[in-house]
Amino acid sequence: MKVSKLFAVTTTLILLTLVPVAIAQQALTSLSANAKGQGTLTIGREEMKIHSVVVQLKEDGTGEIILVTDFTLFVNCTWTAPADLTKGIDLKVTGGATASGATGSGKLLLKSDGKSITNLSMQGSSNFSKRKIKVDFVAE
């Protein structure tokens, strides 16, 4: 009986110390991911097919998104991740997308592994011409 009580207390203490560590490891601090799939990039009236996406989110809250169409387009952003990653990572477009830059917002959804892209959507406008920009991408 003493052995089983000691075992139960020891097991409980170990679990209580490991659970906060496991929860802390789930918080997203950076991300480097790419995905092939299908999507569209719309700039004004022009529409291009997106073949793949590369996302680099840095620990300092900045990032870069690369959209691969018939050419490669770079988008600068800032990002914030909620505690529950199933709600998606919020993106704020801060530059790139056009020669004069762009502003806008978007959402990056990840698979349950927290490392693979499922979906990317962004909307905004170019800084100079004010043309609307829209990105819709779904990974394979």
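Nothing in this text is a laboratory measurement; each read-out follows from the coordinates by a stated rule. If you're wondering where the values come from, they're calculated on a predicted model, not measured in any experiment. Note that each Cβ is placed from the backbone with ideal geometry, even for glycine, and that neighbours are counted across all protein chains shown.
Determine, for Ile117, Ile43, the number of other Cβ atoms within 10 Å of each Cβ, and report the residues in order from fewest to most. Please list the in-between numbers first.
On the way: Ile117 22, Ile43 19.
Exposure proxy ranking, most exposed first: Ile43, Ile117.
Amide H neighbours of Ser116 under 5 Å, counting only residues 5+ apart in sequence or on other chains, H built in-plane at 1.01 Å?
Lys111
Report the extension gain between Asp84 and Glu46 in nm, rounded to one decimal, defined as 0.36 nm multiplied by the number of residues separating them, less their alpha carbon distance. Before the final figure, lay out each step's value.
Numbers: separation 38, 0.36 × 38 = 13.68 nm, distance 3.55 nm.
Extra length available between Asp84 and Glu46 comes to 10.1 nm.
Using 1/(1 + (r/R0)^6) with R0 = 30 angstrom and r between the beta carbons of Ser129 and Ser30, what's the FRET efficiency to the nearest 0.05?
Details: r = 33 Å, r/R0 = 1.10.
Taking R0 as 30 Å, the efficiency between Ser129 and Ser30 is 0.35.
Please enumerate, by chain and number, the aspartates and glutamates with C-alpha under 12 Å from the C-alpha of Lys134, excluding those fewer than 8 residues away in the same chain.
Hits, sequence-local ones excluded: Glu46, Glu47.
Take the cross-link list Lys87/Lys130; Lys92/Lys130; Lys49/Lys130 and give me the ones stretching past 26 Å between alpha-carbons. Kindly include the intermediate steps, with their values, before the conclusion.
Numbers: Lys87/Lys130 29 Å; Lys92/Lys130 17 Å; Lys49/Lys130 21 Å.
Over 26 Å Cα-Cα: Lys87/Lys130.
Sum up the charges of everything whose Cβ sits under 15 Å from the Cβ of Thr69, counting Lys and Arg as +1 and Asp and Glu as -1, but leave Thr69 out.
Local charge sum for Thr69: -1.
Please list, in order along the range 54-64, the HN-Hα scalar couplings obtained from phi with the Karplus expression 6.51 cos²θ - 1.76 cosθ + 1.60 (θ = phi - 60°), rounded to whole Hz, x for Gly and Pro.
Values per residue, Gly and Pro as x: 10, 10, 10, 10, 9, 4, 7, x, 9, x, 9 Hz.
For Glu64 and Asp113, calculate 0.36 nm times their separation in residues minus their Cα-Cα distance, and state this gained length in nm to one decimal.
Values: separation 49, 0.36 × 49 = 17.64 nm, distance 2.10 nm.
Here the segment from Glu64 to Asp113 would lengthen by 15.5 nm.
Charges on Cβ only, +1 for Lys and Arg, -1 for Asp and Glu, centred on the Cα centroid of the range 29-139; of Ser129, Val54, Thr80, which one is farthest towards the dipole's positive end?
Final value for the positive-end residue is Ser129.
Restrict the search to the range 33-116; then list the GluC sites (Glu not before Pro) that DSSP places in a loop and that have at most 14 other Cβ atoms within 10 Å of their Cβ.
Details: sites: Glu46, Glu47, Glu59, Glu64; in loops: Glu59.
Here the sparse-neighbourhood loop sites are Glu59.
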